[in-house]
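Written below as structure tokens is the structure these notes are about.
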Amino acid sequence: MIRLLLIVTIALSTLSAFFAYKTRGRGMESNVQRESAEKKVQSTEARLVKEKNEKKEIEAKAKKLEKEGGEHKDLAERTKEELAKVQAETAKLAAAMKEKEMEAAKLKEDIAAMPRADVAKAAAADAEAKVVDLKTQLDKAQQAARENEKRAEDLAKKMEEASKKKEVDSQRAIVAKKEAIRKTVGQIVAYNEGWNFVVVSIGDKHGVTPDSQLEVLRDGKAIAKLRVTQVQPTQATAGVSSKGVKFQPGDTVIFAPSASSSFGGASLDTARIP
């Protein structure tokens, strides 16, 4: 009897040790899984911070380019006004030159008509002096007109360059804005496997529109692409057509602005959203 009790006691002790070992193994496995999940979360958060910083830099660049474009626009307007003034001055000088030429021609006619008597010599000399003076004034007016024409040409060239620079800056600002939109990053906040759709944390104010395309990343790798069906100011709903992909809240979503292109050469079949 004692021997039987001893055998039962030993058996119970062995079973107890075995179950304790299995329980400890499961606990260690759970700890490993939890640590792996925490590392994934940290990696996703770090990537989101990096993407948001890149977006801020691109938006700042776009604002700077818009400001430079406005400055070039002001310069072009001022140059245009200055060119108009120079052209007006040139026209005024041309009229004065014509008047001086007519006056000089009249004096020459008067000199030619004067008698050659000694009495008329003084008047003739005075008239000739006036002709010389008028010729000097005419030369100066012609020189000023040439300088104004050169200045007008330089201003016109400057205005054309400013206009071209403004156009280039405007295009660069548009490209920067598009790049900023392309870098818009959000997350999946909900996934309805039954109805086959997800809800993401970016919406109308981020540039997302119905039929916009989204790319889903997990651990830095693309796992699926979606097409938006409904949009709200800060959220959007997208249908799921990717087979075998189990989406998770917290998966990274990147906004792809091209709404008309297809994925992989074939259009997505978007699920009906209630």
Discussion item. I need the full set of residues from the range 184-210 which are part of a loop (DSSP other than H, G, I, E, B), touching a strand residue (DSSP E or B) at 6+ places or on another chain (Cβ under 8 Å) and of a type outside the set (S, T, N, Q), in order please.
Written reply: Ile202, Gly203, Gly207, Val208, Pro210
Worksheet entry | In the range 195-235, residue surrounded by the fewest Cβ atoms within 10 Å (Cβ to Cβ) [restricted to those that are without any contact (Cβ under 8 Å) to a residue 40 or more places away in the chain, over 17 Å from Glu51 (Cβ atoms) and of a type in the set (D, E, K, R)] | Lys205
Item to complete: Spot the failing condition for Arg34; the list is (1) more than 30 Å from Gln248 (Cα to Cα); (2) modelled with pLDDT under 80; (3) part of a helix (DSSP H, G or I), and only one is missed.
Response: (1)
Response to the item:
For the range 236-274 the number of residues that are assigned to a loop (DSSP other than H, G, I, E, B), crowded, with 18+ Cβ neighbours inside 10 Å and modelled with pLDDT of 90 or more is 2
Discussion item. Given the criteria modelled with pLDDT of 80 or more, basic (Lys, Arg) and either on the phi > 0 side of the Ramachandran plot or loosely packed, with under 14 Cβ neighbours inside 10 Å (or both), does Lys158 qualify?
Written reply: no
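The values are calculated or read from the model by the stated rules, or taken from the named source; none is laboratory data. All values reported here derive from a predicted model rather than from experimental measurement. Note: ideal-geometry Cβ built from the backbone for every residue, glycine included; neighbour counts use all protein chains shown.
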